[in-house]
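The values are calculated or read from the model by the stated rules, or taken from the named source; none is laboratory data. Nothing here was measured: the structure is a model prediction, and the numbers come from that model. Heads up, the Cβs are rebuilt from the backbone with ideal geometry, glycines too, and the neighbour counts pull from every protein chain shown.
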Amino acid sequence: MSDAYAAILQPFLDHLKFEKRYAQHTIIAYQNDLAQFFAYLTSQFDAPPLEAITAMYIRSWLAEMKEEGLAAKSLNRKISALKSFFKYQLKTGLLATSPMATIVTPKVRKRLPAFVAEVDMETLFAHIEFPDNWKGSTERLVLQLFYSTGMRLSELVHLKASQLDPSLKQLKVVGKGNKERLLPLGPDLLQQLQNYCASRPVKLPGIDNLFTSENGKALQPRMVYTFVKHYLSLVTTLQQKSPHILRHSFATHLMNNGADLNAVKELLGHSSLAATQVYTHNTIDKLKEVFKKAHPKA
């Protein structure tokens, strides 16, 4: 990427970080997509200046990636990065028009989110043995908290002990865009969390994370992902076995048991109701149950 493009890109990334307050992994994704686009312009079109970038250049880049087999969902993410970048250039006055005005976003086939069946979640906590030590206690509690609150992996690993409010039986979570939300806790899970905090074997100065390893250090996302995948593999044959699947399971099970859509939206921390509506699907067992109870010929 040329120095000219780098000089244009950095203020935009700072805007995402300090004004929009995007998560770090989102900023990195935008940076990578835009750097790839600028590298393409440099190699194919001799690095045209910002005001000379047209929709033709953008379509050419997108067409090349599509030919290479990039999925529509990934193309849409790159288009989103470009739209955001050029919108920022309009805002700052570097451009008068955006080349993205005529760029069409490819349609993505909607897939229902995968989720672990309720009976499998019951098996996980009732019959699967966890190590009888700090590591085992941590792993079990992390799994319980994912399933009981629907929080994201990034929210959990940054969760502080001070965000636990026993008097109000709730957790304060800081989600995307530094948005705070309150998550209710059942009495049993609350007691387990309090006992966990009280019995911490090592307390390192400056670390107030709710969950820590045996040596007092904060949990790393990769570590959490690995043990969540391990335990879910013991109870389900789903291809995806991640913390996010537990978030999907939390939302789906709430909806299947009659929860209000707006309440689920608030619990998940979605900014739009449309993002939550994907969970209005029902399991086939639920549909059979409704059919059996309601249809005269069932």
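Summary table below
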{"quantity": "Looking only at segment 17-57, and only at residues there that are free of Cβ contacts under 8 Å to residues at least 12 places away in the same chain and of a type in the set (D, E, K, R), the one that is surrounded by the fewest Cβ atoms within 10 Å (Cβ to Cβ)", "calculated": "D46"}
{"quantity": "Selection within segment 59-73 - loosely packed, with under 14 Cβ neighbours inside 10 Å and not hydrophobic (A, V, I, L, M, F, W, C)", "calculated": "E64, E67, E68, G69, K73"}
{"quantity": "Criterion (outside the structural domain of G216 (by TED's automatic domain parsing) and under 23 Å from the mean Cα position of the chain (by Cα)) met by exactly one of F146, F85", "calculated": "F85"}
{"quantity": "Of all residues in segment 190-209 being assigned to a loop (DSSP other than H, G, I, E, B) and of a type in the set (G, A, S), the one that is surrounded by the most Cβ atoms within 10 Å (Cβ to Cβ)", "calculated": "S199"}
{"quantity": "Test: residue in segment 9-16 that is in contact with a helix residue (DSSP H, G or I) (Cβ under 8 Å, 6 or more places away or on another chain), surrounded by 14 or more Cβ atoms within 10 Å (Cβ to Cβ) and not in a helix (DSSP H, G or I)", "calculated": "no"}
{"quantity": "The one condition in (1) more than 23 Å from M223 (Cα to Cα); (2) surrounded by 14 or more Cβ atoms within 10 Å (Cβ to Cβ); (3) not assigned by TED's automatic domain parsing to the domain that holds Q24 that S98 fails to fulfil", "calculated": "(3)"}
{"quantity": "Any helices (runs of 4 or more DSSP H) falling wholly within segment 210-288 and containing at least 2 residues that are under 18 Å from the mean Cα position of the chain (by Cα) and β-branched (V, I, T)", "calculated": "221-233, 243-256"}
{"quantity": "Test result for K292, at pLDDT below 95 and charged (D, E, K, R)", "calculated": "yes"}
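Condition check ((1) within 22 Å of K17 (Cα to Cα); (2) within 28 Å of the chain's Cα centre (by Cα)) across all residues:
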position: E51; (1), (2): no, no
position: A55; (1), (2): no, no
position: E64; (1), (2): no, no
position: A72; (1), (2): no, yes
position: R77; (1), (2): yes, yes
position: S80; (1), (2): yes, yes
position: L95; (1), (2): yes, no
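Residue-wise test of (1) closer than 28 Å to K172 by Cα; (2) at pLDDT 95 or above; (3) basic (K, R); (4) surrounded by 19 or more Cβ atoms within 10 Å (Cβ to Cβ).
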{"residue": "P106", "(1), (2), (3), (4)": "no, no, no, no"}
{"residue": "P113", "(1), (2), (3), (4)": "yes, no, no, no"}
{"residue": "W134", "(1), (2), (3), (4)": "yes, yes, no, no"}
{"residue": "T138", "(1), (2), (3), (4)": "yes, yes, no, yes"}
{"residue": "Y147", "(1), (2), (3), (4)": "yes, yes, no, yes"}
